[in-house]
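Please read the structure below before turning to the comments.
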Amino acid sequence: MNLRDTIRDIKDFPKKGIVFKDITTLLKDPVAFRQALDEMTDVVRGQKIDIVVGIESRGFIFGAPLADRLGSGFVPARKLGKLPDETIQEEYALEYGTNTIEMHRDAIQPGMRVLIADDLLATGGTVEATAKLVESLGGEIAGLVFLIELKFLNGRSRLTRYPVTALIEY
């Protein structure tokens, strides 16, 4: 199955001029969803992965089942103020302003091998900030895996220190 065929374009969402890549059509198709998870799992098959970090919010959709398939733990990277215990934060730039991502301070132990999962690689700011959080806790980035990469936004250029895989490129 060509996974690209299961993703629909929504024009002018969330604002005029943007063509949103809607993955809900892939997610509701059990064959496509399973194939996407299979392909993401294959990226690190045979590697030791201690933790999968899923980036809020669609990274949770892929990260948690990946962790299960890999026999790993799962850690959410969340928007500021969403986690209940002591956290560490990393601020990153947006088109207009900044945002902050956080993880629990005890989420990653030194030496753990970490796979970061998300649905979309765009400018790379969110995943770069997440990788910084992991590394600040002593984790080693084993790879970054995405369902989609918007190549024209050149996010991969910010992530040259890490193995990056995207299943679908636009």
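Bear in mind that the values in this text are calculations on the coordinates, not laboratory data. Since the structure is predicted, the reported quantities are computational estimates derived from the model, not experimental observations. Don't worry about glycine lacking a Cβ; one is built from the backbone with ideal geometry, like all the others, and counts go over all protein chains shown.
Using a ≥ b ≥ c from the Cα gyration tensor of the stretch 28-82 (square roots of the eigenvalues), is it rounded, prolate or oblate, where a/c under 1.5 gives rounded and otherwise the larger of a/b and b/c decides, a/b for prolate? Kindly include the intermediate steps, with their values, before the conclusion.
Working: a/c = 2.77, a/b = 1.24, b/c = 2.23.
Taking the square roots of the gyration eigenvalues as a ≥ b ≥ c, the stretch 28-82 is oblate.
Tell me the mean residue ellipticity at 222 nm calculated for the chain from its helices only (DSSP H runs of n ≥ 4, each -39500 (n - 2.57), averaged over every residue, nearest 500). Write down the numbers at each step before the final one.
Values: 4 runs with 44 residues, N = 170.
Here the helix-only value at 222 nm equals -8000 deg cm²/dmol.
Could you work out the Kirkwood radius for the chain, taking every pair of different alpha carbons, averaging 1/r and inverting it, reported in Å? Walk me through the numbers before you get to the answer.
On the way: mean 1/r = 0.0615 Å⁻¹.
Kirkwood radius, the chain: 16.3 Å.
Determine the dipole magnitude for the stretch 39-159: charges of +1 sit on the beta-carbon of Lys and Arg, -1 on that of Asp and Glu, nothing else is charged, the reference point is the Cα centre, and the result goes in debye to the nearest 20.
Computed charge dipole of the stretch 39-159: roughly 200 debye.
Would you kindly state how much longer the chain becomes between D106 and V19 on full extension, computed as 0.36 nm times their sequence separation minus their alpha carbon distance, in nm to one decimal? Please list the in-between numbers first.
Details: separation 87, 0.36 × 87 = 31.32 nm, distance 3.83 nm.
Full-extension gain reported as 27.5 nm.
Quickly work out the E135-to-R34 label distance, labels modelled 7 Å from Cα along the C-beta direction, and quote it in nm with one decimal.
3.9
Within the set K21/K48; K15/K151; K79/K132; K11/K132, which residue pairs have Cα atoms separated by over 23 Å? Intermediate values should be presented prior to the final figure.
Details: K21/K48 32 Å; K15/K151 20 Å; K79/K132 15 Å; K11/K132 33 Å.
Beyond 23 Å between Cα atoms: K21/K48; K11/K132.
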